[in-house]
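Engineer: This is the structure I have questions about; it appears just below.
The values are calculated or read from the model by the stated rules, or taken from the named source; none is laboratory data. Everything quoted here is computed from the prediction, not taken from an experiment. Glycine also receives a Cβ, built like all others from the backbone with ideal geometry; neighbour counts cover every protein chain displayed.
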Amino acid sequence: METLNPSASVTWPEVLNTDWDVVVVGAGLAGIVTAMESHRQGLNTLLLDKQHYPRDKVCGGCMNAVALAQLEALGCADLPDRFGALRIDRFVMGLEGRQIRLDLPTGRALSRRTFDAALLSEALKRRLCFMPGVSVQDAGCSDTHRQLKLKHSQHTGIIQTRWVVAADGLGGRYTGGLAGCQSQTRPSAYQGVATEVEDVCDYDPGTIHMACHGKAYVGLVRQENHRLHLAAAVHPETLRQSGSPAGLMRQVLAQTGWPVPTDLEDATFQGTPYLTTRRRPVALERVFLVGDAAGYIEPFTGEGMAWALLGGRTVAGLLPNAVSAQDWRAAASAWNRDYDQTLVRRQAVCHWTTRTLRHPRLTQGIVALLSRLPGLARPLVQTINLT
């Protein structure tokens with residue numbers, strides 16, 4: 001297996017003294033893909049991130065059919081297998097002793113620690129300019145450029161670029177500081193917490209497990225290292241009442257009748273901001289928003305990664321015209337339209353599904369029905385995995 005150690009491919013003076021066509025802020029999946037495709041199209045592209053690699057993410061690393069199709073389009077179809085991704089072809093949902101078992105189109109499970117670093121390493125092989133450890137603030141616009149204030153270690157500086165792609169996630173400081181961009185969080189929004197454990201309890205590789213109980217649900221999947229990844233979406237009040245993320249997961253798994261990992265209490269947890277968040281507009285003067293920076297709907301069986309990869313490729317297709325255009329408004333209008341047509345309609349299915357999980361009685365009825373007639377779920381599975 002290849003060694004992953006993606007690091008800066010440009011120097012600080014080069015960052016400050018280069019005339020950039022595109023600067024991508026945030027090197028998660030959406031940002032990496034946008035920068036890769038922008039660079040491939042001949043645009044002078046810089047990718048920045050506030051963190052260093054490798055790093056963990058609150059994500060199970062599940063790639064569905066849509067995500068795998070996007071990797072193939074990027075010329076990276078072999079990446080999951082090269083890094084030992086496990087095959088996924090089943091989904092099991094449990095609720096108070098009942099279970100639904102569904103077949104899924106073949107996907108893969110690869111930890112985000114490995115996957116993000118592997119995809120970034122592939123981008124660096126293609127000579128993409130990248131610098132980690134950089135915080136970014138907006139510094140306004142001229143008629144032809146957007147200015148960015150950068151801080152790297154003890155150094156600061158101002159650069160300008162013809163276009164910015166904001167891909168800095170749910171809590172991104174750059175996107176959060178953009179004037180004219182409004183963030184809306186649903187009152188019923190859940191928060192996310194996640195961890196990994198080594199316990200070899202009875203959760204099969206190749207299966208996404210989801211345990212539901214009250215105002216929380218816990219997803220479990222085995223990744224390439226055969227460690228078990230657990231991620232919960234939970235109402236904040238429910239999390240407080242549980243006392244701790246470990247206590248919450250223990251309660252949900254026990255109520256479902258599933259085994260509780262013995263090392264859960266000693267695990268290290270990561271959290272997220274509110275999960276159901278929307279920012280509008282997704283295009284401003286010489287700025288596109290993509291990935292979680294544009295908004296987040298709780299995923300169901302790995303759709304979040306697919307949305308990030310698809311969004312990155314889609315927005316990158318608009319960049320050549322955006323960079324060369326005299327009037328930024330046409331490019332902004334195009335991304336606002338394409339975002340709604342390409343991503344919002346896909347997210348609607350997951351939004352409906354996760355809203356259903358907030359209503360225990362409704363969920364109980366659906367689980368009881370599908371446990372007897374699993375074929376009724378086939379249209380939902382097909383819609384989510386439609387490439």
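Engineer: Within the stretch 319-339, track down each residue that is in contact with a strand residue (DSSP E or B) (Cβ under 8 Å, 6 or more places away or on another chain) and either within 14 Å of residue 45 (Cβ to Cβ) or among the basic types (Lys, Arg) (or both).
Structural biologist: 319, 322, 323, listed by residue number.
Okay, residues lined up against (1) assigned by TED's automatic domain parsing to the domain that holds residue 97; (2) touching a strand residue (DSSP E or B) at 6+ places or on another chain (Cβ under 7 Å); (3) of a type in the set (Val, Ile, Thr):
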| site | (1), (2), (3) |
| --- | --- |
| 220 | yes, yes, no |
| 223 | yes, yes, no |
| 228 | yes, yes, no |
| 233 | yes, yes, no |
| 237 | yes, no, no |
| 242 | yes, no, no |
| 249 | yes, yes, no |
| 252 | yes, yes, yes |
| 256 | yes, yes, yes |
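Engineer: Could you name every one of the strands (runs of 3 or more DSSP E) located completely within the stretch 153-213 that has at least 1 residues being in contact (Cβ under 8 Å) with a residue 24 or more places away in the chain and in the same structural domain as residue 28 (by TED's automatic domain parsing)?
Structural biologist: Numbers: elements: 155-166, 182-185, 191-197, 207-213.
Output list reads 155-166, 182-185.
Engineer: Let me ask another. Going by what's in this entry, would residue 120 be described as assigned to a strand (DSSP E or B), touching a residue at least 12 places away in the same chain (Cβ under 8 Å) and surrounded by 15 or more Cβ atoms within 10 Å (Cβ to Cβ)? Don't jump to the end; show me each part of the working.
Structural biologist: Details: assigned to a strand (DSSP E or B): no; touching a residue at least 12 places away in the same chain (Cβ under 8 Å): yes; surrounded by 15 or more Cβ atoms within 10 Å (Cβ to Cβ): yes.
Answer is no for this residue.
Engineer: Filter the stretch 216-233 for residues that are modelled with pLDDT under 90 and buried (at least 20 other Cβ atoms within 10 Å of the Cβ); which is nearest to residue 94 (Cα to Cα)? Spell out how you get there, then give the answer.
Structural biologist: Within the stretch 216-233, the first condition is being modelled with pLDDT under 90, and the residues that meet it are 216-217, 225-226, 233.
Still in the list and also buried (at least 20 other Cβ atoms within 10 Å of the Cβ): 216-217, 233.
Numbers: 216: 12, 217: 10, 233: 15 Å.
The qualifying residue nearest to residue 94 (Cα to Cα) is 217.
Engineer: Tell me which residues, restricted to the stretch 257-272, are of a type in the set (A, V, I, L, M) and farther than 30 Å from residue 185 by Cβ.
Structural biologist: Filtering the stretch 257-272 for residues of a type in the set (A, V, I, L, M) gives 260, 264, 267.
Selection gives 260 alone.
Engineer: Take the residues of the stretch 57-79 that are hydrophobic (A, V, I, L, M, F, W, C) and assigned to a loop (DSSP other than H, G, I, E, B): which is nearest to residue 106 (Cα to Cα)?
Structural biologist: As a first pass, look at the stretch 57-79 and keep what is hydrophobic (A, V, I, L, M, F, W, C): 58-59, 62-63, 65-69, 71, 73-74, 76-77, 79.
In the following step, the residues that additionally are assigned to a loop (DSSP other than H, G, I, E, B) were identified as 58-59, 74, 76-77.
Numbers: 58: 22, 59: 19, 74: 19, 76: 17, 77: 14 Å.
Among them, the one singled out is 77.
Engineer: Also, quick follow-up: In the stretch 92-117, which residue that is more than 21 Å from residue 54 (Cβ to Cβ) and out of contact with any strand residue (DSSP E or B) (no Cβ under 9 Å at 6 or more places or on another chain) is surrounded by the most Cβ atoms within 10 Å (Cβ to Cβ)? Let's see the steps before the verdict.
Structural biologist: Initially, the stretch 92-117 is screened for residues more than 21 Å from residue 54 (Cβ to Cβ), giving 92-107.
Retained after the next criterion (residues that are out of contact with any strand residue (DSSP E or B) (no Cβ under 9 Å at 6 or more places or on another chain)): 97-98.
Working: 97: 9, 98: 16.
Result: 98.
Engineer: Does the stretch 54-80 hold any residues that are of a type in the set (Gly, Ala, Ser) and out of contact with any His (no Cβ under 6 Å at 6 or more places or on another chain), and which are they? Don't jump to the end; show me each part of the working.
Structural biologist: Residues of the stretch 54-80 that are of a type in the set (Gly, Ala, Ser), as a first pass: 60-61, 65, 67, 69, 73, 75, 77.
Correct list: 61, 65, 67, 69, 73, 75, 77.
Engineer: In the set 77, 69, which member is outside the structural domain of residue 171 (by TED's automatic domain parsing), under 19 Å from residue 308 (Cα atoms), free of Cβ contacts under 8 Å to residues at least 40 places away in the same chain and not hydroxyl-bearing (Ser, Thr, Tyr)? Write out each step before concluding.
Structural biologist: On the way: 69 fails: free of Cβ contacts under 8 Å to residues at least 40 places away in the same chain.
Result: 77 is the single residue among 77, 69 that is outside the structural domain of residue 171 (by TED's automatic domain parsing), under 19 Å from residue 308 (Cα atoms), free of Cβ contacts under 8 Å to residues at least 40 places away in the same chain and not hydroxyl-bearing (Ser, Thr, Tyr).
Engineer: Still on this structure, please answer the following. Give just the number: which of (1) surrounded by fewer than 20 Cβ atoms within 10 Å (Cβ to Cβ); (2) modelled with pLDDT under 95; (3) on the phi < 0 side of the Ramachandran plot does residue 135 not satisfy?
Structural biologist: The one condition residue 135 does not meet is (2).
Engineer: Right, next: Which of the following residues is in a loop (DSSP other than H, G, I, E, B), in contact with a Pro (Cβ under 9 Å, 6 or more places away or on another chain), touching a residue at least 40 places away in the same chain (Cβ under 8 Å) and hydrophobic (A, V, I, L, M, F, W, C): 43, 102? First the steps, then the outcome.
Structural biologist: Numbers: 102 fails: in a loop (DSSP other than H, G, I, E, B).
When all the criteria are applied, what remains is 43.
Engineer: While we're here: Going through the stretch 326-349 one residue at a time, which ones are touching a Ser or Thr at 6+ places or on another chain (Cβ under 9 Å) and either in a helix (DSSP H, G or I) or modelled with pLDDT of 95 or more (or both)?
Structural biologist: 335, 338, 339, 342, 343, 346, 349
Engineer: Would you check if residue 23 is within 30 Å of residue 255 (Cα to Cα) and either basic (Lys, Arg) or in contact (Cβ under 8 Å) with a residue 60 or more places away in the chain (or both)? Working first, answer last.
Structural biologist: Working: within 30 Å of residue 255 (Cα to Cα): no; either basic (Lys, Arg) or in contact (Cβ under 8 Å) with a residue 60 or more places away in the chain (or both): yes.
Judged against the criteria, residue 23 is not a match.
Engineer: May I ask you to verify whether residue 143 is among the acidic types (Asp, Glu) and loosely packed, with under 13 Cβ neighbours inside 10 Å? If you could, list the steps in order and put the result at the bottom.
Structural biologist: Values: among the acidic types (Asp, Glu): yes; loosely packed, with under 13 Cβ neighbours inside 10 Å: yes.
Spelling it out, residue 143 is indeed among the acidic types (Asp, Glu) and loosely packed, with under 13 Cβ neighbours inside 10 Å.
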